[in-house]
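Since the structure comes first, as structure tokens, the remarks are kept for the end.
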């Protein structure tokens, strides 16, 4: 684990899973810039330390906690360490870790083990973090839980049964938790992004361009046209981080159990 600066006890604390790259990293950087002590969670300690280094360079406070969301004991041990580091204070929990799984693989051909891995990481993982941290928030009488889903959780899609099922399930988890925790001062919401221009997506667009014999920008334009966003553009990571920032703020105090779609108008 890497402690990037001395923690100040009066600072609010945010835990972000999936903070090693992409959207999770952007969320961590955003909350750190707003004065949060940030606990960075993910499987790759080296990548988490890169996120922590960015936060430290900007004058923030962070600590990396590497663990696998598919391992219940590892989750319990790591979250225990987080609570020790934060003096049992968790103001914001962002469940951003997810695995996309196979694309265009129908039921009957998708390996059961791969389906299980998506459910375990994308749905059971947030359930585990909430199992250990929601009671802490309820005890303090305050908390913000923000689950990062996807617009696949707002509709069906052929060939994406594992990923889509996990995101629909995360919507249900969000609603149940919102009802259970609302009278204790805890809000629970679901953000449903459309495609986000993160490294994994960029690699996919580059590969598609090579396959189709066009440059990457043309491949991106074709993909965007296929998705059909009303605004004609895809998400950047900071689009999602901005909504997390709002929901975590005082401005989001009366919003709970909601599904907020950020996809440029794909799902309308």
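Computed quantities for the displayed model
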item	result
Per-region count, region 70-98, residues in a helix (DSSP H, G or I), in contact with a helix residue (DSSP H, G or I) (Cβ under 7 Å, 6 or more places away or on another chain) and under 21 Å from residue 123 (Cα atoms)	4
Qualifying residues in region 88-99 (those that are under 17 Å from residue 152 (Cα atoms) and buried (at least 18 other Cβ atoms within 10 Å of the Cβ)) - the one nearest to the chain's Cα centre (by Cα)	96
Segments classed as helices (runs of 4 or more DSSP H), wholly inside region 161-265, with at least 1 members that are outside the structural domain of residue 101 (by the TED database) and more than 27 Å from residue 130 (Cβ to Cβ)	199-212, 216-227
Test: residue 180 is at pLDDT below 85 and in contact with a helix residue (DSSP H, G or I) (Cβ under 9 Å, 6 or more places away or on another chain)	no
Residues (assigned to a strand (DSSP E or B) and closer than 23 Å to residue 193 by Cα) located in region 40-67	40, 41, 42
Test set (1) surrounded by fewer than 17 Cβ atoms within 10 Å (Cβ to Cβ); (2) within 27 Å of residue 20 (Cβ to Cβ); (3) in contact (Cβ under 8 Å) with a residue 12 or more places away in the chain; (4) out of contact with any helix residue (DSSP H, G or I) (no Cβ under 9 Å at 6 or more places or on another chain) - residue 228 fails condition number	(2)
Test: residue in region 188-206 that is over 22 Å from residue 236 (Cβ atoms) and surrounded by 14 or more Cβ atoms within 10 Å (Cβ to Cβ)	yes
Any hit, region 11-30, residues being in contact with a strand residue (DSSP E or B) (Cβ under 9 Å, 6 or more places away or on another chain), surrounded by fewer than 18 Cβ atoms within 10 Å (Cβ to Cβ) and at negative phi	yes
Any chance residue 191 is under 28 Å from residue 254 (Cα atoms) and at pLDDT 85 or above	yes
Cβ-Cβ under 6 Å pairs, at least 6 apart or on other chains, region 14-32 side under 17 Å from residue 199 (Cα atoms), far side in a loop (DSSP other than H, G, I, E, B) and at pLDDT below 95	22/198
Tally, over region 231-245, of residues that are closer than 12 Å to residue 196 by Cα and without any contact (Cβ under 8 Å) to a residue 40 or more places away in the chain	1
Residue list for region 150-160, filter: more than 20 Å from residue 247 (Cα to Cα) and not in a helix (DSSP H, G or I)	155, 156, 157, 158, 159, 160
Residue list for region 100-149, restricted to those being surrounded by fewer than 21 Cβ atoms within 10 Å (Cβ to Cβ), touching a residue at least 40 places away in the same chain (Cβ under 8 Å) and assigned to a loop (DSSP other than H, G, I, E, B)	100, 102, 103, 104, 105, 106, 107, 110, 141, 142
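The values are calculated or read from the model by the stated rules, or taken from the named source; none is laboratory data. As the structure is a computational prediction, the values presented were derived from the model and not from experiment. Using ideal geometry, Cβ is built from the backbone for each residue, glycine included, and neighbour counts are taken over all protein chains shown.
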